[in-house]
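The values are calculated or read from the model by the stated rules, or taken from the named source; none is laboratory data. Since this is a predicted model, take the numbers as computed values, not measurements. Heads up, the Cβs are rebuilt from the backbone with ideal geometry, glycines too, and the neighbour counts pull from every protein chain shown.
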Amino acid sequence: MNDFNDLNNFSNNYPENRNDNADSIKVSSFYTESYKKPSKRKNNSIIQLVLIALVSAVFGGFAVGTFFTFVVPVMQPAAKAYFSKMMPPSTAVIDANTKNNQDVYKKVEIIQNSDSPVTAIAEKVGPSVVGIRVTSRTQSFFFEDQQQTGEGSGIIIRSDGYIMTNNHVIEAAINPYTKKIDTGAKIEVFLPSQKDKSYVATFIGSDAKTDLAVIKINANNLPVAEFGDSDKLKIGELAVAIGNPGGLELMGSVTVGVISGLNRTIETEDGVELKLIQTDAAINPGNSGGALVNSKGQVIGVNRLKIAAQGFEGLGFAIPSNLAKDVANSLIEYKYVKGRPLVGITTDPRYTEDVARQNNMPAGVYVADVALMSGAQKAGIKPGDVITKFDGQPVKTKDDLDNLKNKHKVGDTVPVEIYRNGEYKTLQVTLGEDRN
């Protein structure tokens with residue numbers, strides 16, 4: 001109680017410490033608090049900071065420039081080698097002229113012009129593709145002679161009137177024995193620039209094995225087609241077919257596609273096998289003998305046929321230009337394909353491996369006939385023999401025999417193994433020359 005009274009007395013004696021005084025706590029002796037506000041920086045401090053920043057920027061830029069100028073070139077080869085091991089190959093296109101890029105990527109560049117390249121091709125090659133009309137004789141049921149006509153295409157290969165076409169286009173007008181145009185038959189040629197005028201053609205020569213023929217008209221200064229190298233063709237290349245599908249009414253028609261395949265083995269209606277170029281450019285009856293052309297306007301094939309069957313589209317075929325040129329030049333100079341080797345036999349395709357097995361005979365090529373004075377006859381080969389080996393290699397079909405024979409030249413002497421009456425014999429056959 002005394003303590004409480006003393007405290008009240010203290011408050012009464014010192015009115016500045018009373019609770020009703022709003023400023024009493026600020027000046028009380030038992031609680032003080034001081035706060036000194038910091039003074040503002042002077043202007044010269046700001047200038048110092050700017051100078052320091054400028055100096056740092058200058059030295060920093062110098063250091064970075066020195067690093068990229070001197071250090072990076074030294075480290076770059078090692079860095080490339082390291083990251084090439086750590087990272088997968090880039091898919092970026094590399095310039096074809098860059099060193100050591102042959103096994104990486106090739107730069108593919110497609111240049112589009114305002115005019116279609118096919119237009120330029122047609123303008124260049126179109127004048128060299130002619131129309132051909134063949135008139136031939138045929139006998140009716142009552143043995144009365146009648147005339148029939150067929151139409152196709154051809155390619156001008158020499159300015160003085162030589163024209164290449166398919167053998168099947170003109171063969172109806174050719175006498176198979178005399179190798180001349182048959183009596184009452186006629187071959188006419190129509191130039192693109194003179195569609196209403198026909199030129200009567202003479203027969204130069206034909207080759208059934210390649211289905212090629214050459215005819216000639218009496219004209220000069222004709223536009224000659226430029227030939228390309230068919231051995232350099234690639235699948236996917238542009239292919240343009242120019243000819244007369246359906247006949248002369250649609251003369252000069254142009255169809256476009258690509259090279260779809262190479263070295264396709266196709267058997268013709270006559271049983272002859274040809275190695276042909278496949279294309280999806282439309283080739284129809286009447287196109288035969290016309291030109292298959294590349295993007296440079298060069299003839300790379302002679303249109304031959306189209307597979308026309310239900311469910312098939314875009315299957316056209318052409319004779320490679322390199323073969324066509326060689327055959328045409330030989331026909332012009334020799335009237336036949338010079339240098340083609342000949343054994344001198346006729347084979348029977350009915351003799352198969354199954355037939356041989358059933359008759360306890362070896363597989364091979366059955367000799368049905370032997371040509372008079374041929375290499376086969378002179379060597380002693382006879383009808384009924386079975387050729388089992390040619391030049392030491394086994395043969396089972398006529399194609400096997402032809403492939404091996406064509407590796408030789410006219411005049412070569414080749415060992416030929418035959419089977420006769422239960423015995424094997426090896427005969428030496430000197431190859432002749434096939435002039436058919």
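Which condition from (1) polar (S, T, N, Q); (2) part of a strand (DSSP E or B); (3) at pLDDT below 95 is the one that T165 breaks?
(3)
For the structure I just gave you, tell me whether D231 is of a type outside the set (K, R), under 21 Å from S159 (Cα atoms) and outside any loop (DSSP other than H, G, I, E, B). Reasoning before the result, please.
On the way: of a type outside the set (K, R): yes; under 21 Å from S159 (Cα atoms): no; outside any loop (DSSP other than H, G, I, E, B): yes.
No; evaluated as a whole, the condition is false for this residue.
Taking into account only those residues within the stretch 310-367 that are touching a Pro at 6+ places or on another chain (Cβ under 9 Å) and of a type in the set (V, I, T), which is farthest from I418 (Cα to Cα)?
Ranking the qualifying residues of the stretch 310-367, first place goes to T346.
Go through the stretch 342-367 residue by residue and tally those that are without any contact (Cβ under 8 Å) to a residue 24 or more places away in the chain and part of a loop (DSSP other than H, G, I, E, B).
5
Could you please find all residues in the stretch 368-419 being of a type outside the set (A, V, I, L, M, F, W, C), in contact (Cβ under 8 Å) with a residue 60 or more places away in the chain and touching a Pro at 6+ places or on another chain (Cβ under 9 Å)?
Start the filter on the stretch 368-419 by keeping residues that are of a type outside the set (A, V, I, L, M, F, W, C), which leaves 369, 374-375, 377-378, 380, 382-385, 388-389, 391-394, 396-400, 402-403, 405-409, 411-413, 415, 417, 419.
Narrowing further to those that are in contact (Cβ under 8 Å) with a residue 60 or more places away in the chain: 399, 405-406, 408-409, 412.
Selection gives K405, N406, H408, K409, D412.
If R137 meets every condition in (1) more than 33 Å from the chain's Cα centre (by Cα); (2) assigned to a loop (DSSP other than H, G, I, E, B) apart from one, which number is that one?
With respect to (1) more than 33 Å from the chain's Cα centre (by Cα); (2) assigned to a loop (DSSP other than H, G, I, E, B), R137 is out only on (2).
Which condition number in (1) modelled with pLDDT of 85 or more; (2) outside any strand (DSSP E or B); (3) over 13 Å from I217 (Cβ atoms) is the one that S159 fails?
Failed condition: (3).
Please identify the pairs in which a residue from the stretch 248-272 that is closer than 21 Å to S295 by Cα has its Cβ atom under 7 Å from the Cβ atom of a residue that is at pLDDT 90 or above and hydroxyl-bearing (S, T, Y), counting only partners at least 6 apart or on another chain.
G257/T279; V258/T279; I259/T279; S260/T279
Confirm whether S198 is in a strand (DSSP E or B), in contact (Cβ under 8 Å) with a residue 12 or more places away in the chain and under 27 Å from E273 (Cα atoms).
no
Each row is one residue, and each column tells you yes or no for (1) outside the structural domain of G316 (by TED's automatic domain parsing); (2) surrounded by 13 or more Cβ atoms within 10 Å (Cβ to Cβ); (3) within 19 Å of S116 (Cα to Cα).
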| residue | (1), (2), (3) |
| --- | --- |
| I235 | no, no, no |
| L238 | no, yes, yes |
| N244 | no, yes, no |
| G247 | no, yes, no |
| V258 | no, yes, yes |
| T265 | no, no, no |
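If I filter the stretch 205-226 down to residues being surrounded by fewer than 18 Cβ atoms within 10 Å (Cβ to Cβ) and hydrophobic (A, V, I, L, M, F, W, C), which single residue comes out as nearest to V125 (Cα to Cα)?
Selected residue: V224.
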